[in-house]
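Student: The structure that follows is given in the form of structure tokens.
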Amino acid sequence: MEGFMSRWLPIGETGTMRRSMRTLFAAQGPPLPMLNRMRRDISLIRDVIASYDLPPELAFLPVIESRFEPWAVSPAGAAGLWQLMPEMARRFGLKVSGGEDERFDMRRSTEAAAAYLAELHRLFRDWPLALAAYNCGEGAMARALERSGAGTLSELTAACRENRVFRELLSDETLDFVPRFVGAVQVMSGVADFEELMCSTDGDAPETGPSFPEVAQGGSFGDGEARQAGVAVLGSALR
């Protein structure tokens, strides 16, 4: 997990990550309904993510977007597992109307989200920047980078948090987005078949890390083992 954190977590944002982990999971670890939804959907999500040649960790993005609830709707109008706004969904080929809303279609919405993430990476050539832009939009991210002179998410986050001139460039929600994602992946690594998920498509071995439980091999998380694993990872990360 250290390699993952060093690639994704902006410098100086460990505290933000830890606070978000407490907020998202509290002391009890990942809730069982979310774990069961994840177990049901992760195979499809993983396949789509791989087909777009995206980092496999992004399969866990729905943890912070919707808690793997495919019918989630935000007050702002974002909907589905990936919390796509109507105009963004239509941009990537989804039908969004009174009679049909494909943001609630698991495969179609996942394909749209993956296509958008791939496009963001082509624009910004950096995964942390691309993921933050998934939250705020590519226009807002491009303007923030231009005005601040930052070249990385670490530099941009520091500028927005420490310089009054740049404080309004991005919302706290966007600045916290990637640390929240890193924290979610850390916790979920204890309850999913994470080592298999981290294997690259060319057959390379997964990066070295702790030995995670095999509870995601089949069935629902009903016996408490997965929940206990999540609590253990959460406790370790927050110390």
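Student: Would any residue of segment 86-121 have its amide N under 13 Å from a label point 7 Å out along Cα→Cβ of residue 44? List them or say none.
Tutor: So the set is 102-112.
Student: Where Lys and Arg each count +1 and Asp and Glu each count -1, what net charge lies around residue 174 among other residues with Cβ under 14 Å from its Cβ?
Tutor: Net charge around residue 174: -3.
Student: Quickly work out the residue 115-to-residue 164 label distance, labels modelled 7 Å from Cα along the C-beta direction, and quote it in nm with one decimal.
Tutor: Label at residue 164, label at residue 115, 4.6 nm between them.
Student: Got the relative contact order for segment 1-107 handy, in percent, Cα pairs under 8 Å and 6 or more residues apart?
Tutor: 15
Student: Within 13 Å, Cβ to Cβ, of residue 78, how many net charges do the neighbouring residues add up to if Lys/Arg are +1 and Asp/Glu are -1?
Tutor: -4
Student: Let me ask you something else. For segment 125-150 and segment 1-80, compute the distance between their C-alpha centroids and round to whole Å.
Tutor: Comparing the Cα centres of segment 125-150 and segment 1-80, I get a distance of 20 Å.
Student: Same structure, new question: Roughly what would the spin-label model give for residue 23 and residue 74, points 7 Å off Cα along C-beta, in nm?
Tutor: Simple spin-label model gives 1.3 nm for this pair.
Student: Taking 0.36 nm per intervening residue step and subtracting the Cα-Cα distance, what contour gain separates residue 85 from residue 152 on full extension?
Tutor: So the extension gain works out to 21.5 nm.
Student: Ok, one more. Using the Cβ atoms and a cut-off under 10 Å, what net charge is assigned to the surroundings of residue 34, where Lys and Arg are +1 and Asp and Glu are -1?
Tutor: +2
We did not get these values from a lab; they are worked out from the coordinates using the rules stated. Predicted, not measured: the structure shown is a model, and the values here were computed from it. Glycine gets a Cβ as well: all are built from the backbone with ideal geometry, and neighbour counts include every protein chain shown.
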